[in-house]
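Just so you know, all these numbers are worked out from the coordinates, no wet-lab data involved. Note that this is a predicted model, so its numbers are computed, not measured. Reconstructed Cβ throughout: ideal geometry from the backbone, glycine too, with neighbour counts over all protein chains shown.
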Amino acid sequence: MNVKQCRASVTRLLNMPYAIPFIIACGQAWGADNTEVVPEVLAMGGAKSVTSFFITSRGLGNGGDLGGLAGADAHCQSLASAEYAGDHTWRAYLSITASADKSAVNARDRIGEGPWYNAEGLLIAANIEELHGGDNRINKEKAATERLNPVNGVGDTPNTHDILTGSQADGIAFTPGNERSCGNWTSSDAGRAQVGHHDRMGPGDSGSSWNSAHSSSGCSQADLERTGGAGLFYCFAID
């Protein structure tokens, strides 16, 4: 229920004997500034799986060739289904650059509106703005796989903290001529991929970016591994 629905219901119920509990519940769900209060933790056992975000526990093994966005989405769905989270519809957090026959696709536009929680029910981000702002909770502890296993980062062997995104820091695709999505996720040879660091660790100003830390040296599986990756990517539920 959104704030307008709360207000409308309260207005109708003001003279009813059960209005007070409803008004209290409404106030708990919505803050004084009319923003929704998103819980930090979701309890297990609801109508749907609590999991709505994870990093893939394994890549597809073919470098930056993920079978396009459709192949990446199918991988997210398959991994989620194996861990009883297939009751959500899943999308890979990946951008593609505009080409002669295709429009650009921005990662931020394909993952729903949030909120998103990991497999432990811990909040990752309340909405798109928080996800791409400074208040998201993506870090090595919370950005886990669909199995709730940690993903190796700086200090681990091997380091696999490079997470494929093809995106700029705001979740937007790169412009033509500066494509960083391995042939729009169909190449395991030519090209390069923009990656983020799930552990928020790395050199330079962008090293702590979860979605746009640097580019890979190429698109083969060996290229991705050489710079600290394994062909992993983020998955978000859109519902």
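What is the sum of charges, Lys and Arg at +1 and Asp and Glu at -1, for the other residues whose Cβ falls under 12 Å from the Cβ of ALA230?
That works out to -2.
Considering only GLU120, GLU130, GLU36, give the residue with the highest GNM mean-square fluctuation for the chain, with springs between Cα atoms whenever their separation is below 10 Å.
So, out of GLU120, GLU130, GLU36, the one fluctuating most is GLU36.
Starting with the fewest neighbours, write out GLU83, GLU179 ranked by other beta-carbon atoms found within 10 Å of each beta-carbon.
Least to most surrounded, the residues fall as GLU83, GLU179.
Go through ALA169, ALA119, HIS198 and say which Cα lies farthest out towards the positive end of the charge dipole of the chain; charges sit on Cβ, +1 for Lys and Arg, -1 for Asp and Glu.
With unit charges placed on the Cβ atoms, the residue in question is ALA119.
Hey, can you grab everything whose amide H is under 5 Å from the amide H of GLY229? Only 5+ residues off in sequence or another chain; H modelled, so Pro and N-termini drop out.
ASP162
May I ask what percent, to the nearest 5, of DSSP beta bridges between residues of the chain are antiparallel?
DSSP beta bridges in the chain are roughly 80 percent antiparallel.
So how do SER81, SER220 line up by other beta-carbon neighbours within 10 Å, fewest first?
Working: SER81 14, SER220 21.
The fewest-first ordering by Cβ neighbours comes to SER81, SER220.
Based only on other Cβ atoms within 10 Å, what is the fewest-to-most ordering of ASP205, ASP223?
ASP205, ASP223
Let me check I've understood the local charge: for SER208, count other residues with C-beta under 10 angstrom from its C-beta, Lys and Arg +1, Asp and Glu -1. What total comes out? Before the final figure, lay out each step's value.
Details: positive: ARG200; negative: ASP199, ASP205.
Charge balance near SER208 sits at -1.
Please state, as a whole number in µm²/s, the translational diffusion coefficient that the Stokes-Einstein equation yields for the chain at 20 °C and 1.002 mPa s, with Rh defined as the Kirkwood radius across alpha carbon pairs.
For the chosen part, D equals 115 µm²/s.
Net charge near SER81, counting Lys/Arg +1 and Asp/Glu -1 over other residues with Cβ under 12 Å of its Cβ? Don't jump to the answer; show the numbers that get you there.
Numbers: positive: none; negative: GLU83, ASP87, GLU146.
Result for the local shell: -3.
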